[in-house]
Amino acid sequence: MGSTLHNLLIGFGHVFEPLNLLVLLVGIILGLLVAVLPGLTLVMGVVLALPFTYGMHVIPAIILLTAMYVSGTYAGAWTSILFRVPGEPMDVPLLWDGYTMARKGEAAHALGWTLVSALAGGLVAAVVMVLLAQPIAKIALTFSTPEYFAILFFGLASVVSLGGATLVNALISLFAGLLIATVGVDDTYGTHRFTFNVPLLSDGIDYLVVMVGAYGLGEVFLRLEQGFKSAPLQAIDQVKTRLPRWREMLAFKGTFVRGTLTGIIVGLVPGAGATVASFLSYGIEGQYGKRREALGTGIPEGIIAPQTAATSSVGGAIIPLVTLGIPGSGATAIILGAFLLHGLQPGPQVFATSSNIVYAMFASVFVGIIVMCVIGYFAIKALVRVLEFPEVIVSAYVVMMCILGAFAARNNIIDVWLMVIFGILGYLFERFKFPITPLVLGVILGPLAESSFMTTMISHGNDWTLSRAQAHAARE
């Protein structure tokens with residue numbers, strides 16, 4: 001415990017360096033803006049920010065993306081409550097009670113419950129994240145390549161089961177990602193696979209190109225087909241937040257606890273994320289809450305449950321990322337990409353080799369949650385103003401950032417064309433109800449899983465059951 005607190009204090013020292021603190025502030029504001037705009041998603045926003053971390057040191061790069069991840073789980077609640085426009089899928093449950101409260105003239109009170117829920121759920125989950133990370137990493141250090149492959153396989157399987165579509169569609173998406181990951185030179189035998197004599201493909205297809213195209217450009221194509229028709233908004237006049245009293249919060253302590261635990265547990269499951277946590281927490285409140293029959297009529301429990309779960313899922317999702325190298329959500333999959341871009345492989349060894357980076361990330365979660373709530377309390381009216389921007393203008397900026405991000409990957413125009421191809425693929429996936437998350441996770445985790453599998457096969461005489469190794473160990 002002493003070493004954990006010592007390392008966390010060092011992490012806070014990194015976060016409070018002037019440059020890193022500025023980066024965190026920028027990340028919080030960007031995350032809030034992305035969450036407010038219905039035309040963007042949290043994952044897309046983190047993807048668009050990823051190329052700009054190329055020239056940064058690894059610590060400010062991770063702080064930037066983590067800050068965006070934290071704040072992106074909060075600001076979408078504003079538009080859900082005020083305008084019935086969810087900024088993210090995770091904010092849909094907030095419509096059922098938050099918008100109903102706003103129509104009753106209690107919008108300021110509803111926004112206050114949102115802020116308190118995000119603060120409480122996020123901070124508790126951050127504490128759990130710090131306490132569980134090293135014990136899980138110590139267990140993971142006992143793993144060899146067979147166990148690591150099993151963990152990666154579990155991560156891929158979890159993404160499929162929570163892909164938001166039919167099992168067949170999720171499997172097709174996953175296998176497409178794994179196929180894309182095989183393009184290039186085989187790390188084990190050095191043979192070319194699916195390169196079609198194109199020199200650039202010998203180095204494989206950069207996962208950044210896949211992510212930027214599928215998430216960013218694909219969403220723009222989808223909105224282009226819809227004619228950039230945003231939902232009509234009411235006038236933005238006296239937008240403000242009124243915090244609940246301490247006595248009011250104590251009356252709903254059970255809802256806070258249930259929502260926070262749900263978010264942490266769901267975050268630990270690879271591939272689940274804030275959306276699953278939000279819906280599940282609302283459902284649990286409908287089953288076990290004291291006023292479950294009144295859900296949907298504009299009561300605080302309908303805001304507390306999904307918001308605490310959504311924000312607390314951040315701490316839960318970071319745990320498998322740093323301890324096992326398996327992202328717990330779509331956003332942490334992008335953060336995993338940032339680690340890899342800077343030459344770091346998250347996993348149990350990272351605590352021994354780069355603990356300063358991990359604990360700087362942990363500290364940025366604590367500071368980010370507090371800064372997010374302070375900004376949200378004082379600047380909500382200004383931030384909600386971005387909803388008045390024409391959606392076509394926002395989409396144009398997204399396209400520009402996608403092109404810059406793809407070109408920055410390897411300074412090659414071919415990557416831009418590949419990004420366009422994956423943008424079309426992402427549009428088709430959305431159009432025909434194929435989840436994109438398994439595709440992206442397949443591209444990122446595929447090479448890691450293949451390397452672990454091939455190493456295991458070579459080490460154990462191509463016996464995938466490992467029976468020979470077990471028999472040999474028994475004889476010894």
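Listed by position, the helices (runs of 4 or more DSSP H) enclosed by the stretch 232-332 that each have at least 1 residues that are crowded, with 24+ Cβ neighbours inside 10 Å, hydrophobic (A, V, I, L, M, F, W, C) and at pLDDT 85 or above are 253-268, 301-324. Being hydrophobic (A, V, I, L, M, F, W, C), at pLDDT 80 or above, in a helix (DSSP H, G or I) and surrounded by fewer than 24 Cβ atoms within 10 Å (Cβ to Cβ) is a condition met by no residue of the stretch 62-78. The number of residues in the stretch 15-38 that are of a type in the set (Phe, Trp, Tyr) and in a helix (DSSP H, G or I) comes to 0. When the residues of the stretch 406-420 are filtered to those that are free of Cβ contacts under 8 Å to residues at least 24 places away in the same chain and assigned to a helix (DSSP H, G or I), the one that is surrounded by the most Cβ atoms within 10 Å (Cβ to Cβ) is 416.
For the stretch 168-207, residues that are part of a helix (DSSP H, G or I), modelled with pLDDT under 80 and farther than 20 Å from residue 341 by Cβ total 1. Out of 446, 423, 442, one residue alone is touching a Cys at 6+ places or on another chain (Cβ under 8 Å), part of a helix (DSSP H, G or I) and modelled with pLDDT of 80 or more. It is 423. Of everything in the stretch 367-385 that's buried (at least 19 other Cβ atoms within 10 Å of the Cβ) and closer than 14 Å to residue 118 by Cβ, which residue is modelled with the lowest pLDDT? Out of the qualifying residues, it is 380.
The values are calculated or read from the model by the stated rules, or taken from the named source; none is laboratory data. Just so it is clear, the structure is predicted and the values come from calculations on it, not from any experiment. Counting neighbours? That spans all protein chains shown, and the Cβs are built from the backbone with ideal geometry, glycine included.
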